[in-house]
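These notes are about the structure you will find just below.
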């Protein structure tokens, strides 16, 4: 009889331990605090990926690669045609016409958007340092780091008008670079579109409460400025001239990707970078703040990142019509943050890759 009792007795503490662990795990998933306060976001329109002009292709997988260094977010060209980029470690690098790389300076932060002003200075949107400028000899100057006495947390991209004014985005007033994935889970818009006037030193707010303000560009006529809302998959337009001056409207909506930078072509069209694709799972979470808490906790346990290695380059007309969509889900081009057209080629920047992709413009 003792042989029958011993297995039963020894199972009880084991099962109790398993039950306890399950209870602790369930309590963690359902109740453990998270570092954000989520709210329900706006309703999602049906994802257009895979249909119409967004029919699946892998055109970007044909791009050749220029080794640059980790995280060449954006690309700019000077008057001599030399290529510039900013890297994850803060370096500003330049490639001469022979392809030789030179490190010109280090911002001490994380350089993102890059544009040249009329004097040949490279103006940089630095996520950590703010809006800064680099002289041709590599000297770094801070143009704007605070607004109304409060440090800007995530200066992201910029565009420079012919009058010298610099339009730029402050992606989030809540979450800094490096922890910005919390924007996806919180859904509390706090991004801003700003304008800085180098002549006066004035810094003004144009738009507020954007869902992660990212890429910025001016129209060819400079009658409006565009700013991407990464986590709302749309582009907002702020009118600078004409009867609608000071008004804002939606320029393009319901894109199939999380949007990053946007640039203007010589013909007045726009190239839009999609850093990662929308998914049904993440779209479904927009209206479910409680489930976003649960998914966040699962990510902390497993290390899972919902971002897929699938990039988009989307061409838009001056009226916001989609003209072309180029993709890559092969992992060749991934976490693509910028598309700039230069002398018949597209140059593709990346947040995480160590190369710039180059492909013929369609």
Checklist entry - So what is the relative contact order of the chain, in percent, for Cα pairs below 8 Å that sit 6 or more residues apart? => result 17 percent
Next on the checklist: Counting only helical runs of four or more DSSP H residues, what would the 222 nm mean residue ellipticity of the chain come to if each run contributes -39,500 (n - 2.57) and the total is spread over all its residues?
Outcome noted: -5000 deg cm²/dmol
Item to check | Rounded Å value of the spacing that divides the Cα centres of the stretch 71-105 and the stretch 295-335 | outcome: 24 Å
Item to check | Choice from 262, 166, 301 with maximal GNM fluctuation in the chain (Cα, 10 Å cutoff) | outcome: 301
Checklist outcome for this item: Highest GNM mean-square fluctuation among 106, 148, 89, for the chain with Cα springs under 10 Å, belongs to 148
Checklist outcome for this item: Note on the stretch 273-360: alpha-carbon gyration tensor, axes a ≥ b ≥ c; rule is a/c under 1.5 for rounded, else prolate if a/b larger than b/c, else oblate; result oblate
Item to check | Ranked 134, 336, criterion: other C-beta atoms within 10 Å, fewest first | outcome: 134, 336
Item to check | Ratio of Rg to Rh over the chain (Cα coordinates, Kirkwood Rh, two decimals) | outcome: 1.07
Checklist entry - Using the 10 angstrom Cβ neighbour count as an exposure proxy, how do 258, 84 rank, fewest first? => result 84, 258
Checklist entry - Using the reciprocal of the averaged 1/r over all distinct C-alpha pairs, how large is the Kirkwood radius of the stretch 211-360 in Å? => result 16.3 Å
Item to check | the stretch 236-300, relative contact order [Cα under 8 Å, separation at least 6], % | outcome: 19 percent
Next on the checklist: Looking at the calculated P(r) for the stretch 256-298, what percent of the C-alpha pair distances fall above 16 Å?
Outcome noted: 56 percent
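Only the coordinates and a few stated rules stand behind these numbers; no lab work does. Please read all numbers here as calculations on a predicted model, not as lab measurements. Virtual Cβ from ideal backbone geometry, glycine too; neighbours counted across all protein chains shown.
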